[in-house]
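One structure is given here, and the rest of the page talks about it.
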Amino acid sequence: MKHMVILLTLVALLASLTVISVKAVSGMITFSVTDKTQLTYPIFYIMFIIMIASCVFQVKFLHQATKLYDTTIVVPVNHVLFTTSAVIAGIIFYQEFLGAAFLTVFIYFFGCLLSFLGVFLVTRNREKEHLPQSYIDFGNIPGKQMLDKIQPDSNGLSYGTLPDGSDSTKSQSGEKKEV
């Protein structure tokens with residue numbers, strides 16, 4: 001479960017970056033249409049690139065999580081973490097609640113709490129899934145030899161053998177020890 005939370009926390013952090021950059025780009029486009037053009041400033045293009053890159057990596061990590069875990073578990077946890085990170089990013093970066101009435105802030109957070117409660121109630125009776133792989137594959141590392149499995153099956157005959165095929169249970173005289 002902690003592997004899924006780590007992946008989805010990465011997705012949520014990237015999502016908060018996406019929310020910030022989308023709001024910046026949309027604000028600049030709106031300001032360009034109504035008043036002075038913002039397309040001549042480099043910050044527009046920087047935020048646009050950040051928006052695209054954060055979306056791409058967010059989808060990559062979310063896809064990795066759905067490959068490792070059941071989507072009925074990934075989607076609700078992603079919803080809660082995404083919403084939390086987006087709200088916190090908006091509060092900190094754009095100061096969205098500055099000058100807002102207490103009732104408005106309370107209703108907003110109460111709505112978030114009801115959303116999280118709904119996610120919990122929908123997913124509380126799910127069967128626990130056992131992780132088929134105990135590692136996260138980040139792809140090939142240039143210059144490094146990749147093995148088929150990082151964690152071999154403990155019940156298999158290859159458990160405890162070295163990658164080159166030599167057996168660690170052989171004695172120095174070449175006779176195989178009984179295990």
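Values in this text are rule-based calculations from the coordinates and carry no lab data. Small disclaimer: the values here were computed from a predicted structure and weren't measured. Cβ sites come from the backbone with ideal geometry, for glycine too, and all protein chains shown count toward neighbours.
Tabulated values for the structure
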| read-out | value |
| --- | --- |
| Over segment 1-127: Rg over Rh, Cα atoms, Kirkwood Rh | 1.05 |
| Segment 8-60-segment 85-101 distance, computed between alpha-carbon centres (Å) | 17 |
| Interchain or long-range residues, amide H under 5 Å from GLN38's placed H | SER32 |
| Estimated distance in nm for a label pair at ILE88 and ILE107, the labels positioned 7 Å out from Cα along Cα-to-Cβ | 2.6 |
